[in-house]
1. Stokes-Einstein diffusion coefficient for region 185-252 at 37 °C in a medium of 0.692 mPa s, Rh from the Kirkwood formula over Cα pairs: what value in µm²/s?
2. Once each part is reduced to its C-alpha centroid, what is the distance from region 17-61 to region 156-194 in angstrom?
3. Would you report the distance distribution of C-alpha pairs in region 79-127 as whole percents per 10 angstrom bin, up to the bin with the largest distance?
4. How big is region 3-84 in terms of Cα radius of gyration and Dmax, in angstroms?
5. Kindly express, to the nearest 10 degrees and within the range 0 to 90, the angle between helix 295-309's C-alpha long axis and the longest C-alpha principal axis of the chain.
6. For the ranges 194-207, 73-86, what's the packing order if you count other beta-carbon atoms within 10 Å of each residue, average per peptide, and put the highest first?
7. Based on the alpha carbons, how large is the Rg to Rh ratio for region 7-342 when Rh follows Kirkwood?
8. Report, as a whole number in µm² per second, the diffusion coefficient that Stokes-Einstein gives for region 106-212 at 25 °C and 0.890 mPa s using the Kirkwood radius over alpha carbon pairs.
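Just so it is clear, none of the values below were taken in a lab; they were calculated from the coordinates. Quick caveat, the model's predicted, so the values are computed rather than measured. Cβ atoms come from the backbone with ideal geometry, glycine included; neighbour counts cover every protein chain shown.
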Ligand code: CP3
């Protein structure tokens, strides 16, 4: 079976591996010149909607580096199509939601479409990528977690302090509930369709949930993320639950679900295992900025992460957040080699 040949999938299950698997969040993107070249021809959304092109972009980092997993090229905002929310990516500013949802009146515009149909391009990309990937390279599908996606719908784009999001959550709890229910239903359908299309592991990105205090997480977020994980559980694929700045939320996030927890560099791996139990597989947690540091410093940081993991089976090496556009390819290449060589069992 394919599963038994991928050290990424083995590590996600806490099984013995020959060395620590490694991949990078946002491993396809602007730091690669072959990606920038394609971007001269296509917008981000055009790439995502053309399976042949999205397949190429997904495979770009696989061809260049010896990473252990591919992540399907898409964006966490694509499912907004299935929720009746219009959006775009503008140059330099990132995502823009033209009519943010901020009131009980606005929420009436929401609906639950059919992600299998609305996002068929992503399922097709997964199929194309899987048929070209070596069995030793795992294929990861993903979606944004309800909080992170809903925060974009409410804020209208990137936010520093999530003022509109928290205000709506506190002022109109029933509107919040409706948004979160819609998002969790769409993401559950989208992710099960991705597994059916060939995704061998799933990552749920709750990138911005670290802005919440634990009690608010428990009340306003946990039930919805939990619903998604519960729907995915019967598929028995590894489920990575990722967030940044989540040091105070880890136990609650684990309670919400996921079989692997993804953490950033603000918490040490040792502390994460102490809190979550040593048999919880963990993914992380090099600071993406370390890739921009001089070689000696980068190597020291990689060593620190490996030392914290202490050669245990349930560790997947990754960054604590996505690769930055300024990242030198040589640094990425070096990290992959170091991780594999230094963690040889
Ligand atoms: O990891 C991968 O290689 C797969 C591709 C992927 C993209 N977005 C493509 C993309 C993934 C996994 C995402 C997830 C995503 N998208 C998240 C969660 C992860 C995280 O970083 O926190 C979020 C919050 C988004 C929303 C989003 N998309 C933002 C905020 C931006 C603009 C910021 C930026 O980096 O410019 C995007 C655009 C986007 N999505 C790019 C890529 C490669 C930028 C590249 C481009 O414009 O060509």
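1. Details: Rh = 12.7 Å.
Rounded, D is 259 µm²/s.
2. Centre-to-centre (Cα) distance: 27 Å.
3. 23, 39, 32, 5
4. Cα-based Rg and Dmax for region 3-84 come out at 15.0, 46 Å.
5. Here the helix axis deviates by roughly 80 degrees.
6. Numbers: 194-207: 22.8, 73-86: 20.4.
Per-residue Cβ counts within 10 Å, averaged per peptide and sorted highest first, yield 194-207, 73-86.
7. Values: Rg = 18.9 Å, Rh = 20.1 Å.
With Rg and the Kirkwood Rh in hand, the quotient comes to 0.94.
8. 162 µm²/s
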